[in-house]
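Worksheet for the structure shown next.
Laboratory data are not the source of any read-out in this text; all were calculated from the coordinates shown. Predicted model only: the values in this text are computed from it and were never measured. As a convention, Cβ positions derive from the backbone with ideal geometry for all residues, glycine included, and neighbour counts pool all protein chains shown.
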Amino acid sequence: MNIVFMGTPEFAVPTLEMLISEKHHVCAVVTQPDKPKGRGNKEMMPPVKEIALKHNIPVLQPIKIKGDESFYNHIQSLNPDIIVVVAFGQILPQNVLDIPKYGCINIHGSLLPKYRGAAPIQWSIINGDEMTGVTIMYMDKGMDTGDMLVKAEIPITKEDTYASLHDKMKIIGADTLKNALPMIAAGGSERIKQDDSESTYAPMISKTLGEVDWTKGSGAIDTLVRGLNPWPTGYTYYKGETMKIWQAKPIEFAAGAKPGTIIHVDKQGIYVQTGSGSLLIEEIQMPNKKRMPVSEYIKGNTIDKGTMLGI
C-alpha cells in the first residue's frame, strides 16, 4: 500500500520499521519539528525522523497541520491509500482525515474506550490495572473516539514501570497493525463502535503529579512511582530537599507511626509508614547526585529514622 506515516517519539519507531520491512511504500513521514535538548540546547530530530532519513523517505515537519493549506495539498498529491498515525502529537483536521482511500488508522496505547487521551500507558499503571493493551482504530475528529478494528491485550506486572510497559507495547502495536493491514486493504475490516458510556480519560502527565501523598496506601504509592518512571518520577521531601523515588515496593512492616514517617533504614532501603501499610524505598536520587540504590547512598550519607517525609 501507498502509506503516509505520522509519528514522532520512540513509541512510533517499531511501526515505521515494520511498514518498511513489509515492503509497503511509505511515501512520506510526517513528524514534529526538531527541538533543542540537553545542556547545550542542541537541535535534536525526533526518533521517527532518524529512521525515515536512514531509508531515504521524505520528511515533513509542519509546525501546525490545522489550517496549513500547502501541507494539505502536498499530502493529497501523494494519493495515499492509508495514513498511519502513532503518537504524532497533533490533532488531524477533517480535511486530512478524508484524504486516504482506506482512512487514517491510529495505534492507541490502551484498550479503548478506556484511557482516551495523551497518557494511557502511565495511567494504566498509576491506577493499578492488571491488564492493558493496544487498539487499532479508525480516526475521526474526536479524541480517540473512532471505530475500533482490533485489540491486543498485555498484562501489567508488579514490576512494570512506564518505561518497561512502553517498550513492550510499542512492539505489540507494530505487530498488531501488521496483522490488521491486510484486512484493511481487503476492504473487509469490521468497524466496532466504541461505547462512550465506558470511556475514561488519560490526561497529560505533569511534574506535580509525582509528589507522594503519604496518607495514601502503599500500593497506590507504588503504582504512582512505577507509572511515572522515568518521567517525571515520584518524589517527596527529606528535610526540605527533594528526594526522587525511582524504585519502591509495598511491604509488611508494622510500626503504627504517622504516614510519611521513616520507621527503619537498612541496606534494603528506607521503610516508610503510609496511610495503609509500609513502603520500602529502594532507589533514590537526591539533589546534585546520581540516582542510586539506598544501600549505596547510606554508605556516605545519613537517612534518619523518625524523620517525616514530605516536609
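Most simply put, segment 208-297 has about 90% antiparallel DSSP beta bridges, counting only bridges with both residues inside it. Summing Lys and Arg as +1 and Asp and Glu as -1 over all other residues whose Cβ lies under 10 Å from the Cβ of ILE125 gives a net charge of -2. Taking a cut-off of 14 Å, what percent of all Cα-Cα pairs in segment 253-311 are separated by more than that? Result for the distance tail: 52 percent. Computed packing ranks the peptides 140-147, 25-32, 194-201 as 25-32, 140-147, 194-201, most packed first, by mean other Cβ atoms within 10 Å. Cα centroids of segment 113-171 and segment 240-311: 31 Å apart. Segment SER70..ILE311, full-extension length gain: 81.4 nm, with 0.36 nm per residue of separation and the alpha-carbon distance subtracted. Checking the Cα-Cα distances for LYS158/LYS178; LYS35/LYS64; LYS216/LYS239; LYS23/LYS170; LYS216/LYS258; LYS49/LYS151 against a 18 Å cut-off, the pairs over it are LYS158/LYS178; LYS216/LYS239; LYS23/LYS170; LYS49/LYS151.
For THR261, the residues whose amide H sits under 5 Å from its own are GLN273, LEU309, ignoring neighbours fewer than 5 places away on the same chain, with H placed 1.01 Å from N. Between ILE284 and TRP246, MET292, VAL294, the built amide H atoms are under 5 Å apart, and every one of these is 5 or more places off in sequence or on another chain. Taking LYS168 as the anchor, which aspartates and glutamates have their alpha carbon closer than 17 Å to its alpha carbon, excluding any fewer than eight residues away along the same chain? Reachable aspartates and glutamates: GLU10, GLU17, ASP129, GLU130, GLU153, GLU159, ASP160. Sorting the segments 175-181, 269-275 by their mean number of nearby beta carbons within 10 angstrom, highest to lowest, gives 269-275, 175-181.
Placing a label point 7 Å from the Cα of ASP195 along the Cα-to-Cβ direction, the residues of segment 90-118 with a backbone N closer than 12 Å are 113-114. Remark on segment 30-159: ratio of C-alpha radius of gyration to 2.2 N^0.38 Å is 1.19. Work through the residues other than PRO62 whose Cβ is under 15 Å from its Cβ and net out their charges, Lys, Arg +1 and Asp, Glu -1. Net local charge, PRO62 excluded: +1.
Calculated FRET efficiency, MET183 to ARG291, Cβ-Cβ distance, R0 = 41 Å: about 0.35 to the nearest 0.05.
With both residues required to sit in the chain, DSSP beta bridges show an antiparallel share near 65%.
Pull out a ≥ b ≥ c, the square roots of the eigenvalues of the alpha-carbon gyration tensor of the chain, then state rounded if a/c is under 1.5, prolate if not and a/b is larger than b/c, and oblate in the remaining case. Prolate. If the convex hull of the alpha-carbon atoms of segment 83-144 is projected onto planes in all directions, what is the mean projected area in square nanometres? The number I arrive at for segment 83-144 is 4.0 nm².
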